[in-house]
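Peer 1: For reference, the structure I am asking about is given below.
The values are calculated or read from the model by the stated rules, or taken from the named source; none is laboratory data. Everything quoted here is computed from the prediction, not taken from an experiment. In this analysis, Cβ positions are derived from the backbone assuming ideal geometry, glycine residues included, and neighbour counts consider all displayed protein chains.
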Amino acid sequence: MTPGDENPLLEASFLQRLQRLQLLVRRPLPGQWKGEHRSPKRGYSVEFADFREYTPGDDLRYVDWRAYGRLDRLYLKQYVEEEDIYVLLLVDCSRSMRFGQPEKLLFALQVAAAIGYIALCRFHRVSAGLIGDGNVLWMRPVRGKTSLIPLLRFLGNPPEAKETALPRAARQVVNSWKHRGAVYLLTDLMDEGWNEALRALLAPRHELTLVHTLSPQELHPDLMGDLLLIDSETGVTREVSLSPAALSLYHRALQQLRDGASALCGHFGGNYLLADTSQPLEEFIRREMRLRGVLT
């Protein structure tokens with residue numbers, strides 16, 4: 001899917017406004033090429049950071065000769081070095097993500113595309129993985145704003161998947177993606193193994209941002225009475241009788257899921273965001289993600 005398609009993931013006018021934003025990454029992450037991420041390493045860019053003593057082999061161009069004249073000792077000026085970071089976008093493409101109005105999967109793909117474009121504008125290396133049935137469909141890392149088109153094409157063609165099998169997919173990510181970086185996981189967490197999956201992704205010291213994507217029908221169900229529920233991933237059916245008391249238990253269980261995921265991410269230095277798909281995309285990106293310290 002490209003910006004010229006009838007229903008692109010991101011509108012051209014929205015792309016222009018996204019260029020003003022940047023990723024806010026708290027954890028020191030290694031990079032390879034010059035970018036716009038402030039690195040904890042010291043280099044020789046334009047922003048002064050500190051002094052250090054000269055050691056044989058250092059570049060004499062960066063000696064502070066004024067300090068040498070006063071102290072009779074050689075010191076080098078150090079500057080904040082800006083690097084690119086590795087950014088990985090992971091989107092759950094299971095059947096449960098195709099539920100809701102608006103559809104959860106479409107919203108998640110749009111958010112992923114927006115994050116990816118923000119990263120590309122800052123010359124970070126962006127890769128993506130579409131998750132389904134325990135497998136990950138990969139897009140190789142790309143860099144620069146001109147890479148938006150292949151990123152949109154990749155995200156615009158999600159695989160037909162039945163279930164998530166999130167723990168197996170997470171292990172595949174850990175084994176395949178060797179770059180420590182910023183990981184953005186967009187999923188509804190409708191997987192019994194979500195806890196195991198999050199721990200696997202957090203263990204390699206990635207900075208994980210979990211975008212918990214839920215529809216308004218899941219957040220605020222208005223069902224009542226005798227119903228036949230069908231699991232969209234397994235096809236299992238169950239007859240239920242929904243009463244105000246049953247809905248109260250549902251809301252309590254959903255809140256426990258949200259609290260558990262948020263606590264787990266926070267424990268490992270990650271971020272948790274709830275994405276209500278009824279919220280306008282631009283409002284979620286430019287307001288919620290900035291308020292939660294994911295973008296700046």
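Peer 1: With the condition kept exactly as written, say whether any residue in segment 126-145 is among the hydrophobic types (A, V, I, L, M, F, W, C), in a helix (DSSP H, G or I) and out of contact with any His (no Cβ under 9 Å at 6 or more places or on another chain). It would help to see each step written out before you state the result.
Peer 2: Taking segment 126-145 and keeping what is among the hydrophobic types (A, V, I, L, M, F, W, C), we get 126, 128, 130-131, 136-139, 142.
If we keep only those that are in a helix (DSSP H, G or I) as well, we get none.
Among the residues of segment 126-145, not one is among the hydrophobic types (A, V, I, L, M, F, W, C), in a helix (DSSP H, G or I) and out of contact with any His (no Cβ under 9 Å at 6 or more places or on another chain), which makes the answer no.
Peer 1: Could I ask something else about it? Please enumerate the residues belonging to segment 268-287 that are surrounded by fewer than 18 Cβ atoms within 10 Å (Cβ to Cβ) and farther than 20 Å from D191 by Cβ.
Peer 2: G269, S278, Q279, P280, E282, E283, R287
Peer 1: Could you figure out which of (1) modelled with pLDDT under 95; (2) farther than 16 Å from A275 by Cβ; (3) of a type outside the set (S, T, N, Q) isn't true of L130?
Peer 2: For L130, the exception is condition (1).
Peer 1: Can you confirm whether P102 is modelled with pLDDT under 60, in contact with a Pro (Cβ under 9 Å, 6 or more places away or on another chain) and of a type outside the set (G, A, S)?
Peer 2: Criteria not met by P102.
Peer 1: Can you give me the number of residues within segment 128-177 that are out of contact with any helix residue (DSSP H, G or I) (no Cβ under 9 Å at 6 or more places or on another chain), of a type in the set (S, T, N, Q) and over 21 Å from D188 (Cβ atoms)?
Peer 2: Total meeting the criteria: 2.
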